[in-house]
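Worksheet: the structure to be examined is printed underneath.
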Amino acid sequence: MQVSLKSLFFSSLCILSFLILTNLKELFYFYKVLNDVKQNIKRIFFALIMKYFILSFIFYFSFVFTISGQNTIRLRILTFNIYHGETMNHNFDLDKIAQIINSVQPDLVALQEVDLRTNRAKKMDLLTELALRTDLNPLFGRAMYYDDGEYGEGILSKFSFVKTKRYLLPYSENHEPRAVLEALIELSAGDTIRFLATHFDHTEIPPDRIKQAKKINELFRINDYPTILAGDLNAVPESESITILKSVWIDACNDKSTKTFSSAKPNRRIDYIMYKPEKDWKLIEYKVICDKIVSDHCAVFSIVELKN
């Protein structure tokens, strides 16, 4: 028996129609499921895109703030004339000097009137003794031989030294020789700065201090490194020697009423922290620390920020 193609097609169509009609409910459910899946995929895709942008936004600003925080470098600076280690009670109590230093947790300290194995200082190496008490690295610069030992400037540093040098400053006959001690220091962030510690002539007449100020400017006028100058300059802010320095340096003191000498009855400011160039530094804090027993000078403390 022969079956025509039309009959076969018609039979198949009938069978398919029957299947569709008998499974219409299931087919409608399947269509709904597919439609729901499609909508869910759209929602999931949109949620993933939003999550990506939110995470990117958070990551970007976290990165910016992290880099900004890492590039903010603040240095805690102290300068202190320690009166060759002798207190105003005429004894040697280096623990008290160390307490003043440790109280501000400095990164860099400039010390003046530092004796190295002199008779009057009981043959002590004052700077090394203070370094042991403060956990800082010492650097001594001789200004002159004195009393069977040496006398000069000292630096205590949280950081190691890249390069150090002592420069003698001009002085008159029968006056004490003076010096400036230089340390190049590489900070933990990789920046290199220069730190200078000095002590100007203490006599009543100003010519030596004027010459010493001019020499400091001559030596360090070029702005090859951000630089801090600290020490006992034995001159008030209105003096000619300080005016000469201020032509190059920025005075960190932001209070004209500040006094640093004497510690018992402060009546004038002769101890300074200065920096240059101005564009590289920002003053954060400045204060004077007076203890009438530890030394005849007050200590001067400042926090400065090295700009990016």
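Values in this text are rule-based calculations from the coordinates and carry no lab data. Computed from a predicted structure; not experimentally measured. Counting neighbours? That spans all protein chains shown, and the Cβs are built from the backbone with ideal geometry, glycine included.
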_Span from the region 76-124 Cα centroid across to the region 239-285 one, whole angstrom_ = 21 Å
*Hey, any idea what Rg/Rh is for region 73-306, computing Rh the Kirkwood way over Cα pairs?*
0.93
*Place a +1 charge on the Cβ of each Lys and Arg in region 73-306 and a -1 charge on the Cβ of each Asp and Glu, then give the dipole magnitude about the Cα centre in debye, rounded to the nearest 20.*
380 debye
*asked:* Tell me the net charge near THR79. Cut-off is 10 Å between Cβ atoms, THR79 excluded, with +1 for each Lys or Arg and -1 for each Asp or Glu.
replied: -2
*Provide the packing ranking of 192-204, 135-147, i.e. peptides ordered by the mean count of other C-beta atoms within 10 Å per residue, highest first.*
192-204, 135-147
*Order of 105-115, 239-249 by packing, highest average Cβ count within 10 Å first?*
105-115, 239-249
_Cα-Cα over 19 Å, subset of LYS165/LYS307; LYS158/LYS259; LYS246/LYS282; LYS214/LYS276; LYS279/LYS307_ = LYS165/LYS307; LYS158/LYS259
*Where does each of CYS253, CYS290 land when they are ranked from fewest to most other beta-carbon atoms within 10 angstrom?*
CYS290, CYS253
*Can you sort MET124, MET50 by how many other beta carbons sit within 10 Å, fewest first?*
MET50, MET124
*Take the alpha carbon atoms of region 128-163, find their center, do the same for region 177-220, and report the distance between the two centers in whole angstrom.*
15 Å
